[in-house]
Amino acid sequence: MNNNQYTQLELESIFANDFQTTHFFLLASIYFESQDFNRALKVCEIGLKAHPSHLEARYMLAKIYLLNNQIIKSETFLSKSVNDNLFSIKMLKLFIEIRDSLNRSNIETKKIVDQLLEIQPDDT
């Protein structure tokens, strides 16, 4: 489904009438792209309550935490995602970057790198 199928106003109306809509990510994406991170954050958090395994929304939420300078919150969220087996390649890469920037244990970070390499062996 592409972003052009609905206008922002239509998506806002759909979301306002049903917080459990699967269209929440389209609305969050519009907010994110227009750098309205507070709204994107709220829509992601609400949408993920109904759709916790939506990986793109999980990735976006981790990015929003980073953009809001909540690095530890992003790291914690990504750690929980990995532990719950709800992650994508992009999420693993972001998690590794955050751990490196925070000078976390190389031994623990290597476990995440190994997970990434299991999925994508040719990724250097």
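The values are calculated or read from the model by the stated rules, or taken from the named source; none is laboratory data. Because the structure is predicted, anything quoted here is derived from the model rather than measured. Counting neighbours? That spans all protein chains shown, and the Cβs are built from the backbone with ideal geometry, glycine included. Protein only, heavy atoms only, side chains kept; ligands, DNA and RNA dropped before computing areas. Shrake-Rupley method; radii C 1.70, N 1.55, O 1.52, S 1.80 Å.
What to note about this one:
- Condition broken by N85, with the remaining ones in (1) within 18 Å of F32 (Cβ to Cβ); (2) modelled with pLDDT under 95 satisfied: (1)
- If only residues of segment 72-81 that are touching a Leu at 6+ places or on another chain (Cβ under 7 Å) and of a type outside the set (F, W, Y) are counted, the one that is most open to solvent (accessible area, probe 1.4 Å) is E75.
- Where a residue in segment 52-65 is buried (at least 18 other Cβ atoms within 10 Å of the Cβ) and its partner, wherever it lies, is in a loop (DSSP other than H, G, I, E, B) and β-branched (V, I, T), with Cβ under 9 Å and at least six apart: H54/T22
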